[in-house]
Amino acid sequence: MAQAIFIILSLITLGCALVVVTNRNLFHSALYLAFVFVGVAGLYFMLQAEFFAGIQVLIYVGAILTLIIFAIMLSRDLMNPNVRGFNRQWWAAAIVAGLLFVVLAVVLWRAPWPAAPVGEPSADFIAELGQALVSPAYVLPFEVVSILLLAALVGSILIARER
Amino acid sequence: MENIWTIENLWNAIGTVLRNWLAGFLPAWLVTLIMDLLVIVVLLAIGIVAVLVLSFMERKVAARAGDRYGPNRWGPYGLLQPFADAIKMLIKEDIIPHVADRFSFNLAPVIVTVGAVMTYAVLPFGRDMVAANLNIGILYFAAVGSLSIIGLLTAGWGSRNKYALISAFRAVAQLITYEVPVGLCIICVVMLAGSLSTQDIVLAQQERGWFFLLMPGIFILYFLAASAEMIRCPFDLLEADSEIIAGHFIEYSGMKFALFFLAEYIHLFAGSAMMVTLFFGGWLGPWLPSWLWFLIKTFVVIFVFMWIRNTFPRIRIDQVLKIGWKVMVPAGLVGLAITGFVDKLIADKLIAGVVLFICNIGLIIGVSYLMGRAQRRKEMAAEGAALR
């Protein structure tokens, strides 16, 4: 049963991901991206990581995808089929994308994937996660990320401010 | 065998009997599958029945507020009116505008409705009566709610209509703005309850008292922000009929319009139910069975929303955003800090509750004072400009 659900979810996720990159209509790509995000959230659910599933939908669909769609809606000539899909800098984009692909492939290839189930997550998983974030091991990166977000917030207000 | 047939336990008993009957001649995995699907069907049915009731209730309340009769032709007191509406919706012609983006246009009502229905999974309808007692209940509710933004954007874009597009822009601005204060208020409740699960939040209120008594300031904040999230008046800028006609569903007709209508009222029901869960003790209450208490409280909250809709004028979109970012978000952050400090520093729960109540009253007075002062300053500046 779990296997069947996993296969269906993976097929939906991968299929939609394929459409995202092959579709010519940017807005449709963004909509398929929503299905990809929800599918990944479903995979998190299957791994019993409900918290990550919730955060995945909340952040990726609720915030990031909304901004992507907003950017698409504000760009010009989007639905015009005569506009070419590439501009003069396509080779630079191709190099960067290719490099990113190589890096990701190497990382995934070298990662020691656990062959056996690691075990059931504890019932108090969210509380443990919260405490781990402020434990000595992770508190520095956690605070650095907070300051980064604060800086981004202040920066955006500065840009938007009327003079 | 103990007697499971009490009114309190009625729905669970029906489920148990059905499960045992199915287990008699079906394999175990099929029984699980059928029972899970059945829960989904029941939740959908609750959604649709709730919409029938709410659409009738909305009209009657609006009629009462306007000193009219409201629907009174079909059935006693016009009670069959919602069925007439439903049939009308079903047999209406489905029109797709010539220039519309068909894919987005057809997908939008589906996203909106699915996102709305999915919220029902974590609503605690009664004791042991929640479809999925997730340990991330509230987070799930917020996450699924954010799906509807995508639906509204899709509808606004796919319709190829300037009013629909304006509505989509407003949807992004307003819904993202008010997600922040809603989230802050929910975190306050979660801190007091010590859990994200909706059932645990209800049980925590059994122990500590209903949270709207402990945190009236946070409750008022949540009430206003949630009504903006549910696109209820006075924050229904997305479908303001006097400005942008009907907003994102302007081009929709027939069943597709009905789906938007359905989603709107499902959101109203789910949002009110969540408010009852967070602040009014969910299904807690004496004498009556728990699920009845839950429904009664939810309908009282819904009535208040309808009452507000028929009493207050709509505010402008820039005012909506200004109040959201300049008043509600800072007030929510202050409330969050107060709740955290009081909850951690004072061990005794009764004293902590009293201190929290006093701090919340202080929060309400402080916010009202600051808003009043800002308003007076603006008026004085306007007078000064007029004199010059």
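The values are calculated or read from the model by the stated rules, or taken from the named source; none is laboratory data. Bear in mind the structure is a predicted one, so any value in this text is a computation, not a measurement. For neighbour counting, all protein chains shown are included, and Cβ atoms are generated from backbone atoms with ideal geometry for every residue, glycine included. Only protein heavy atoms, including side chains, enter the accessible area calculation; ligands, DNA and RNA are left aside. Shrake-Rupley method; radii C 1.70, N 1.55, O 1.52, S 1.80 Å.
Based on the Cβ-Cβ distance of A:Met46 and B:Met380, what FRET efficiency does E = 1/(1 + (r/R0)^6) give at R0 = 60 Å, to the nearest 0.05? Efficiency computed from Cβ-Cβ geometry: 0.45.
Across region B:71-129 the C-alpha pair distances fall into 5 Å bins from zero in the proportions 4, 13, 11, 12, 15, 15, 16, 9, 4, 1, 0 percent.
State, in square angstrom and to the nearest 100, the accessible area buried between chains A and B, both chains counted, probe radius 1.4 Å.
Numbers: alone 13600 and 20250 Å², together 31400 Å².
About 2400 Å² of accessible surface is lost on pairing.
In a reduced charge model with +1 at each Lys and Arg Cβ and -1 at each Asp and Glu Cβ, the protein assembly as shown shows a dipole moment near 1640 debye about its Cα centre.
Dividing the Cα radius of gyration of the protein assembly as shown by 2.2 N^0.38 Å, with N the residue count, gives 1.04. Estimated from the Cβ-Cβ distance and a Förster radius of 35 angstrom, the FRET efficiency linking B:Ile96 and B:Leu52 is about 0.85. Using a simple spin-label model with pseudo-atoms 7 Å out from Cα toward Cβ, A:Ile159 and B:Phe169 lie 1.8 nm apart.
Neighbours of B:Ala142 by Cβ distance under 14 Å: Lys/Arg scored +1, Asp/Glu scored -1, total -3. Computed from label points 7 Å out along Cα-Cβ, the spacing between A:Ala127 and B:Ile14 is 3.6 nm.
Take the Cβ atoms of B:Leu370 and B:Val42, set R0 to 41 Å, and the FRET efficiency comes out at 0.30. Pairs exceeding a 21 Å alpha-carbon distance, out of B:Lys60/B:Lys297; B:Lys162/B:Lys256; B:Lys88/B:Lys162: B:Lys88/B:Lys162. Fully extending the segment from A:Arg88 to A:Trp113, taken as 0.36 nm per residue of separation minus the present Cα-Cα distance, adds 4.9 nm.
Give the average, rounded to an integer, of partner chain Cβ atoms located within 10 angstrom of each Cβ in A:46-59. Could the numbers behind the result be given before it?
Values: counts 0, 0, 0, 1, 8, 6, 1, 5, 11, 3, 1, 9, 10, 2.
Shielding by partners across A:46-59 averages 4.
Can you pull out the GluC sites (Glu not before Pro) in region A:108-163 that DSSP calls coil and that have at most 16 other Cβ atoms within 10 Å? Numbers along the way, then the final one.
Details: sites: A:Glu128, A:Glu143, A:Glu162; in loops: A:Glu162.
Answer in residue order: A:Glu162.
Mind checking the dipole of chain A: about its Cα centre, +1 per Lys or Arg Cβ, -1 per Asp or Glu Cβ, Debye to the nearest 20? Each step should come with its number before you reach the end.
Details: 7 positive and 7 negative charges, 184 e Å.
For chain A, the charge dipole is close to 880 debye.
Note on chain A: dipole from Cβ charges, positive end direction compared against A:Ser75, A:Ala105, A:Asn87; the farthest Cα belongs to A:Asn87.
Counting only Cβ charges, +1 for Lys and Arg and -1 for Asp and Glu, the dipole size of chain B around its Cα centre is about 1000 debye.
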